[in-house]
1. Taking only the range 184-204 into account, find how many residues are on the phi > 0 side of the Ramachandran plot and touching a strand residue (DSSP E or B) at 6+ places or on another chain (Cβ under 7 Å).
2. Say whether the condition of being surrounded by 18 or more Cβ atoms within 10 Å (Cβ to Cβ), part of a helix (DSSP H, G or I) and under 33 Å from the mean Cα position of the chain (by Cα) is met by at least one residue in the range 230-245.
3. Which residues, taken from the range 206-215, are without any contact (Cβ under 8 Å) to a residue 60 or more places away in the chain, within 13 Å of residue 185 (Cβ to Cβ) and in a loop (DSSP other than H, G, I, E, B)?
4. List, please: which pairs have Cβ atoms under 8 Å, are six or more places apart or on different chains, and start with a residue in the range 156-167 that is at positive phi and surrounded by 10 or more Cβ atoms within 10 Å (Cβ to Cβ) and end with one that is assigned to a loop (DSSP other than H, G, I, E, B) and at pLDDT 95 or above?
5. Quick one: is residue 264 in a strand (DSSP E or B), closer than 21 Å to residue 130 by Cβ and touching a residue at least 12 places away in the same chain (Cβ under 8 Å)?
């Protein structure tokens, strides 16, 4: 008996046509929506802070700042650097008027100040010396007067009486009479402003001789003077107005009989 193999075509066709509608829909859905492979996670480092938008013309933060390198400026299309300066506006007429008035006021004020200074400054009176010897008074005639400076005598047989402690140099004078009668003389020493220096000395004259010395000559000295001996240098250089010895005859308080200049020469104590 012959064995007849089964028909493969029939089996295939039977299997093919046995596919249901559900299988066809699954295959169609798989073709239209393919499954994507899962994305591999990427390890990321710490996030950098967001940076503000940067000016294209400004240097980046990564560039090293060099103090010697000047900051670039915006350049115009013509190649010139844009400068923020602007030309000042013209001065108005009112401003010119105010400046002129202010200048005139300042000049006037300065002139007034200079005038007031010279009008009110203590100019002082010029001391007039009367020393055209011999000088004749009502009762006596003064032949000559010699002046000098010296240190006061503090001890010994004939110390200077009445001299203040802080006086280091005192002015002195020698008065010489000629053919004189009897009277009294007031002798004083004055500074460059005619102010009294020390005490006034009263001298009595009898028949042309001084009662204190018994002759026609006598030495007198001031009871005050320079407290600093270095002031004599200024006196020699005429930086200090000249002092004087003044002699008044009798009780007259008017013009003195003699006003002799105190010379800058200095003598040692005898």
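The values are calculated or read from the model by the stated rules, or taken from the named source; none is laboratory data. Everything quoted here is computed from the prediction, not taken from an experiment. Cβ coordinates were reconstructed from backbone atoms using ideal geometry, including for glycine residues, and neighbour counts include every protein chain displayed.
1. Step one: filter the range 184-204 for residues on the phi > 0 side of the Ramachandran plot, giving 194, 198.
Next, from what is left, pick out any that are touching a strand residue (DSSP E or B) at 6+ places or on another chain (Cβ under 7 Å): 198.
Total meeting the criteria: 1.
2. Yes, because at least one residue in the range 230-245 is surrounded by 18 or more Cβ atoms within 10 Å (Cβ to Cβ), part of a helix (DSSP H, G or I) and under 33 Å from the mean Cα position of the chain (by Cα).
3. 211, 212, 213
4. That search, which allows pairs on different chains as well, returns 162/223.
5. No.
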